[in-house]
Amino acid sequence: MKRIAVILVFMLALVQPVKAESNLSVSAKAAVLINGENGEVVFAKNSDQKMPMASTTKIMTALLLCEYGNFEKEITVTAEMLRVEGSSMGLLAGDKVTLHDLLYGLMLASGNDAANVIAFTVGGSIKGFVDMMNNKARELELVSTHFETPSGLDGDSHCTTAYELAMLTKYAMQNEEFSKAVSSKSATLNYGNPPYRRTLTNHNKLLKMYDGVVGVKTGFTKKSGRCLVSAAKRDGKFLIAVTLNAPSDWQDHKAMLDYGFTAIKQTNFSPLVNGYNIPVINGSSDGLFVEIEPLTINSLDTADIDCKIYLPQFLYAPVKTNEEVGKAVYMQGDKILTEKPILSKGDITSLNTTENALDSILKIFKTIIMNI
């Protein structure tokens with residue numbers, strides 16, 4: 001067991017902030033574009049206005065399913081589960097379908113039938129699942145978001161804001177199964193009674209229309225108008241765009257993403273001191289040299305970035321290659337941007353001698369005293 005005494009080293013990145021000024025115009029009644037890495041707002045129009053969101057609701061439904069897991073679980077569909085109108089993946093009472101195929105039927109075909117089957121399976125009932133949706137919204141601090149259905153069919157208080165929908169998507173895209181599903185242009189699935197192969201095509205045309213798009217979800221009702229959430233990655237940058245009630249949503253998103261990839265700047269940040277020697281007790285080497293890896297930051301504002309280095313004052317041998325011996329925490333003000341582990345680049349074996357251990361300890365204490 002290593003005995004750790006933490007050392008803090010502060011380093012300031014002297015980089016001037018980048019100001020984004022936009023002449024961007026969109027058809028949407030409400031819209032937002034955020035940096036998918038850190039959540040900063042790149043563009044906004046009525047982004048805090050509560051509005052219906054149609055089938056983009058299914059982002060939350062899919063997220064809860066992905067967190068539930070057990071994708072190979074097979075469900076027998078009942079007539080009660082199918083009491084819902086609108087878009088469908090084609091389920092019939094008596095069909096057998098896995099949770100995996102329900103996820104793809106939900107996000108590619110925008111199946112309201114899939115949403116209901118998921119709700120009964122994961123939440124026990126529509127109401128039970130809707131309660132789960134709202135609890136998750138509170139957990140994610142989405143204070144202006146409220147769900148009434150798992151499918152996105154209209155309700156008196158079924159609403160969100162463009163900004164909160166973007167932040168929900170940012171969270172959901174961190175789930176591997178979710179991001180894999182929403183980025184799929186098509187999927188071959190097996191369901192029915194008995195199950196048979198069929199192919200579903202993703203309703204999200206941006207997957208084919210715009211280079212770098214990796215999701216996410218379309219939506220439409222007469223009340224909500226056309227709704228769209230997209231995510232795109234290009235040149236190491238990650239953007240999430242949301243439009244609510246947008247007559248020209250495809251064009252809105254292409255314009256927003258074009259703007260965002262230009263507005264966000266990429267900065268390579270290296271700490272002022274990028275290497276340290278850590279004394280090692282009773283080892284084949286007296287010290288372990290570690291390097292602090294540089295960080296690439298994609299942001300509108302890269303001013304006032306600090307790096308805090310956490311390292312032990314000494315280590316006990318043995319030390320293994322790629323063993324984590326500390327961490328570098330990159331911050332902007334009070335906000336943590338990211339944490340990077342500091343790893344050993346080589347092995348240091350133990351000499352297993354009392355004499356060597358005592359000699360090492362004396363050397364380390366002398367060094368500590370001299371630096372007080």
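The values are calculated or read from the model by the stated rules, or taken from the named source; none is laboratory data. The structure displayed is predicted, hence computed values, not measured ones. All Cβ positions, even for glycine, are placed from backbone atoms using ideal geometry, and neighbour counts span all protein chains on display.
Applying the selection to the range 46-76, what residues are out of contact with any Ser or Thr (no Cβ under 9 Å at 6 or more places or on another chain) and farther than 25 Å from residue 203 by Cα?
Within the range 46-76, 70, 76 meet the criteria.
Every residue, every condition in (1) of a type in the set (D, E, K, R); (2) surrounded by 18 or more Cβ atoms within 10 Å (Cβ to Cβ); (3) touching a Lys or Arg at 6+ places or on another chain (Cβ under 9 Å), yes or no:
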{"site": "279", "(1), (2), (3)": "no, yes, yes"}
{"site": "286", "(1), (2), (3)": "yes, no, yes"}
{"site": "289", "(1), (2), (3)": "no, no, yes"}
{"site": "293", "(1), (2), (3)": "yes, no, yes"}
{"site": "297", "(1), (2), (3)": "no, yes, yes"}
{"site": "306", "(1), (2), (3)": "yes, no, no"}
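Looking at 115, 93, which one is free of Cβ contacts under 8 Å to residues at least 60 places away in the same chain and buried (at least 17 other Cβ atoms within 10 Å of the Cβ)?
None of the others qualify; the one that does is 115.
Within the range 268-277, identify whether any single residue is over 23 Å from the mean Cα position of the chain (by Cα), over 30 Å from residue 292 (Cα atoms) and either of a type in the set (A, V, I, L, M, F, W, C) or surrounded by fewer than 22 Cβ atoms within 10 Å (Cβ to Cβ) (or both), and answer yes or no.
No, there is no match, as no residue in the range 268-277 is over 23 Å from the mean Cα position of the chain (by Cα), over 30 Å from residue 292 (Cα atoms) and either of a type in the set (A, V, I, L, M, F, W, C) or surrounded by fewer than 22 Cβ atoms within 10 Å (Cβ to Cβ) (or both).
Residues are listed down the side, and each one gets a yes or a no for (1) of a type outside the set (S, T, N, Q); (2) surrounded by fewer than 23 Cβ atoms within 10 Å (Cβ to Cβ); (3) modelled with pLDDT of 95 or more:
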| residue | (1), (2), (3) |
| --- | --- |
| 160 | no, no, yes |
| 175 | no, yes, yes |
| 186 | no, yes, yes |
| 201 | no, yes, yes |
| 210 | yes, yes, yes |
| 248 | no, yes, yes |
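How do the pairs read when you match residues in the range 243-262 that are among the β-branched types (Val, Ile, Thr) with residues anywhere that are in a helix (DSSP H, G or I), using Cβ under 9 Å and keeping only pairs 6 or more apart or on different chains?
That search, which allows pairs on different chains as well, returns 243/162; 243/249; 243/252; 243/253; 243/256.
Which of the following residues is among the small types (Gly, Ala, Ser) and in a helix (DSSP H, G or I): 128, 86, 155?
The conditions single out 128.
Taking residue 194 as meeting all but one of (1) of a type outside the set (S, T, N, Q); (2) touching a residue at least 40 places away in the same chain (Cβ under 8 Å); (3) surrounded by 15 or more Cβ atoms within 10 Å (Cβ to Cβ), write down the number of the exception.
(3)
Specify which of the listed residues (149, 145) is in the same structural domain as residue 63 (by TED's automatic domain parsing), β-branched (Val, Ile, Thr), farther than 20 Å from residue 222 by Cβ and modelled with pLDDT of 95 or more. Let's see the steps before the verdict.
Working: 149 fails: farther than 20 Å from residue 222 by Cβ.
Of 149, 145, the one residue that is in the same structural domain as residue 63 (by TED's automatic domain parsing), β-branched (Val, Ile, Thr), farther than 20 Å from residue 222 by Cβ and modelled with pLDDT of 95 or more is 145.
Hey, can you tell me all the residues within the range 119-142 that are without any contact (Cβ under 8 Å) to a residue 12 or more places away in the chain and either polar (S, T, N, Q) or outside the structural domain of residue 52 (by TED's automatic domain parsing) (or both)?
Scanning the range 119-142 gives 125, 135.
Within the range 160-206, can you find the residues that are closer than 18 Å to residue 218 by Cβ and part of a strand (DSSP E or B)?
160, 186, 187, 200, 201
Let me confirm something: among 296, 321, which residue is at pLDDT 85 or above, in a loop (DSSP other than H, G, I, E, B) and not assigned by TED's automatic domain parsing to the domain that holds residue 235?
One residue alone meets the criteria, 321.
Among the residues of the range 53-68, are any in a loop (DSSP other than H, G, I, E, B) and in contact (Cβ under 8 Å) with a residue 12 or more places away in the chain?
So far as the range 53-68 goes, yes, one or more of its residues are in a loop (DSSP other than H, G, I, E, B) and in contact (Cβ under 8 Å) with a residue 12 or more places away in the chain.
Applying the selection to the range 133-152, what residues are assigned to a helix (DSSP H, G or I), more than 19 Å from the chain's Cα centre (by Cα) and under 23 Å from residue 88 (Cβ atoms)?
Answer for the range 133-152, where residues must be assigned to a helix (DSSP H, G or I), more than 19 Å from the chain's Cα centre (by Cα) and under 23 Å from residue 88 (Cβ atoms): there is none.
Of all residues in the range 278-302, how many are within 22 Å of the chain's Cα centre (by Cα) and either hydroxyl-bearing (Ser, Thr, Tyr) or closer than 17 Å to residue 319 by Cβ (or both)?
Total satisfying the criteria: 3.
Taking residue 261 as the residue in question, decide whether it is surrounded by fewer than 22 Cβ atoms within 10 Å (Cβ to Cβ) and part of a strand (DSSP E or B). So that I can check it myself, show each step before the final result.
Numbers: surrounded by fewer than 22 Cβ atoms within 10 Å (Cβ to Cβ): yes; part of a strand (DSSP E or B): no.
No.
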